[in-house]
Each structure stands twice: as structure tokens, then as C-alpha cells.
Ligand SMILES: C[S@@+](CC[C@H](N)C(=O)[O-])C[C@H]1O[C@@H](n2cnc3c(N)ncnc32)[C@H](O)[C@@H]1O
């Protein structure tokens, strides 16, 4: 352990940040079993209280607001532009979804579970086949490809901020994906029949939410639908978990769920579906695949990034286990 870094992290960022940062910089690959247990075994009430109460809210708000001054694309590049081949080692081999899947039982594969999720979202989209669909934050084009596979004929467009994802989606999959920031983009009015997002509203900062819902509302035709899958905070705004998450998503800050709903309703949307789903089995599945592909991962991205993801998955599992946030699938309808 680097005692001085740990001490500085502990006093400035709190207990979980200090432990996570220490493990990310471990001199050897983290032991799969012990590492998973460290984060996921039940914690005492005192430890939970300590890790939630420190740093105090004023310090958290000051630090997070400073992080939010950074450009969106920097945070996205830091997380996503590592290596497409690295992500392929642990994501489902069929579509490369980097978002919560839907495991119906313990024996299903990640590939099946991601297809279940895509089918669920497809049912929410209520398509006839010719709709113009925009995927906000389309990643490696997973949902666009799933829509193609189901025979969708209408125009499909994807936005991402990751250069690596764009290259993969355009050059390998021949999809219509552009490097477009959906926060600053000037949407044309009534340009789409459906707007979709899976796992990208988490990157929208509290002060950008209102405007984004208004812009997407205006970009939909009357009677159009927005279908979003994202997780949002349950307990409090600016929690300590968001300080720790800066190690993995610099410049991102989750928003309270009721704030999402209120902003969408103010834009004019009617919420017609809101279901809650469990992210933990997906995080466990990604972890197992990363562990199984340790040698290749180390070769592709080196020790620090390997240990970073070995820390990220169980820490995120703990985040959902402790009910810090919930994963929602939501349909927002623009009245006809
Ligand atoms: C967790 S990934 C999810 C990708 C994909 N939807 C999936 O299910 O695998 C989040 C995606 O949101 C994109 N994203 C985040 N903020 C964005 C922004 N402001 N503009 C465009 N894309 C953004 C990232 O580039 C990334 O593709």
C-alpha cells in the first residue's frame, strides 16, 4: 500500500475512494475471489455510516462541482476510449451492450440476458417498422444492430462521444453513428418518431437535465415516444458514492430520480411506464468474464486499467446493493 496516497485520499475523498484508489494501483493483478469478497461481503452498520458520512456534504459539493467544470468529452474518453478489444473481452459477444442486462434465471448467459433486455426495450418502443429512431449514447451500436436484426426498416441514427465507439460502429458495422454531444446538439423539431437511450442519461449533469428533456421533447413528432434505461439516485443528491465514482467516470454526477421525472413532465412528457431492474447480475457477469480473460486484458491495457475494472465492477455492485441508486426503464410519451 502507498500509505501517503491512502492518507491523502482518506482525508480528502473518504474511505471507499481511498480503498478503491489503493487497489487500482496495486502492484499485482487483484485476486479475483478475495477482491469480489472485499467489496461485496456485508458491511457493519458503523462502516456503512462512516463511508457515507465522510467527506461531509459541503466538501462533496465543492469537489463534485469542480469536477463538473470539465468538458464532457474528457470524461467519456477517459472511460470508453481505452481499447475496443479490451471491452470485447467482457461484454456480450453478440451485441456488445455496456448496460444492465435482464437475467431471467441463474443459468442464462450474458448474451441471452442482453438479448432479453433489448427485447424488453423493443416492446416499450412500440414500433411498426418504419419509425425514425435516434439512439442517444449508442455505445458500440448494440441496440441499433438489434433493431436491424429485428427487421426495422426506418432510419436509425446513433450519437456517441467516444471516438473508439464511433470508429467501430461506422467502420465495422456500417451504422449511421456520429460523434455528437447530445447535450449541446441543436436538434431539429419533430425529426424523430422515437428517441432511445440506454445507459447514457447517467452522464447528464443536474444542470443540463431540464434542457435535454425539453430538446428531446421538441425533437419528437407528436405522439412520439422516448424510451430510456438509466440509473438515478435514490437516497440523496451529491452522495459520497459520487465522489468515489470520479475514479471511473470523471465529471459525471447522477441525479435524483424524482428530479428526472419532474424535468421530463415539465417538458410536456407523460410517463407511461417506469419499471425497476437489477444491475447486480450483469456486473457479476462482466467481472467473471474479465477474470477469465485476465492474461489478454493485461496484454491489451496493462495492470492499472485491469485493476481499475476489477475494482469498478464489485464497487458498482455494492452501490446497487446498498440501494444508492436504482435502474429504471421508462417510457415518456409526447401527446399526439
Ligand atoms: C454506458 S455507455 C452505453 C452504450 C450503449 N447505449 C449500450 O447500451 O451499450 C454510455 C454511452 O453514452 C455516450 N454518451 C454519454 N454522454 C454523451 C453525450 N453528451 N453525447 C453523446 N453521447 C454521450 C457514451 O459515449 C457512451 O456511448
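Every number in this text was worked out from the coordinates using simple rules, so none of it is lab data. For clarity, every value in this text was computed on a predicted model and none was experimentally measured. Positions of Cβ are generated from backbone atoms using ideal geometry, with glycine treated the same way; all protein chains shown enter the neighbour counts.
If you filter the range 260-280 down to residues that are crowded, with 16+ Cβ neighbours inside 10 Å and over 15 Å from the mean Cα position of the chain (by Cα), you find that the one that is nearest to residue 49 (Cα to Cα) is 260. For the range 180-193, the set of residues classified as in contact with a helix residue (DSSP H, G or I) (Cβ under 9 Å, 6 or more places away or on another chain) and near the ligand (Cβ under 9 Å from one of its atoms) consists of 181, 182, 183, 184, 185, listed by residue number. Within the range 89-103, does at least one residue satisfy the condition of being more than 10 Å from the ligand (Cβ to nearest atom), within 17 Å of the chain's Cα centre (by Cα), surrounded by 19 or more Cβ atoms within 10 Å (Cβ to Cβ) and in a helix (DSSP H, G or I)? Yes; the residues of the range 89-103 include at least one that is more than 10 Å from the ligand (Cβ to nearest atom), within 17 Å of the chain's Cα centre (by Cα), surrounded by 19 or more Cβ atoms within 10 Å (Cβ to Cβ) and in a helix (DSSP H, G or I). Restricting to the range 162-179, count the residues that are within 11 Å of the ligand (Cβ to nearest atom) and not in a loop (DSSP other than H, G, I, E, B). Total satisfying the criteria: 9. Only a single item in (1) free of Cβ contacts under 8 Å to residues at least 40 places away in the same chain; (2) surrounded by 19 or more Cβ atoms within 10 Å (Cβ to Cβ); (3) in contact with a strand residue (DSSP E or B) (Cβ under 8 Å, 6 or more places away or on another chain) is not met by residue 154, and it is number (2). For the range 62-78, the set of residues classified as assigned to a helix (DSSP H, G or I) and within 11 Å of the ligand (Cβ to nearest atom) consists of 72, 73, 75, 76, 77, listed by residue number. Here residue 44 fulfils each of the conditions (1) without any contact (Cβ under 8 Å) to a residue 12 or more places away in the chain; (2) under 30 Å from residue 119 (Cα atoms) apart from (2). For the range 104-125, taking the residues that are near the ligand (Cβ under 10 Å from one of its atoms) and in contact with a helix residue (DSSP H, G or I) (Cβ under 8 Å, 6 or more places away or on another chain), the one that is farthest from residue 172 (Cα to Cα) is identified as 121. Of the helices (runs of 4 or more DSSP H) lying entirely inside the range 194-278, those containing at least 3 residues that are in contact with a helix residue (DSSP H, G or I) (Cβ under 8 Å, 6 or more places away or on another chain) and away from the ligand (no atom under 16 Å from the Cβ) are 240-244, 257-267.
Looking across the range 126-161, the residues that are in a helix (DSSP H, G or I), within 14 Å of the ligand (Cβ to nearest atom) and farther than 26 Å from residue 284 by Cβ come down to 144, 147.
Results for (1) buried (at least 21 other Cβ atoms within 10 Å of the Cβ); (2) over 15 Å from the mean Cα position of the chain (by Cα); (3) closer than 27 Å to residue 209 by Cβ, shown as yes or no for each residue.
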{"position": "227", "(1), (2), (3)": "yes, yes, yes"}
{"position": "254", "(1), (2), (3)": "yes, no, yes"}
{"position": "292", "(1), (2), (3)": "no, yes, no"}
{"position": "323", "(1), (2), (3)": "no, yes, yes"}
{"position": "326", "(1), (2), (3)": "no, no, yes"}
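Do we have residue 247 as touching a residue at least 60 places away in the same chain (Cβ under 8 Å) and surrounded by 15 or more Cβ atoms within 10 Å (Cβ to Cβ) here? For residue 247, the condition - touching a residue at least 60 places away in the same chain (Cβ under 8 Å) and surrounded by 15 or more Cβ atoms within 10 Å (Cβ to Cβ) - is met.
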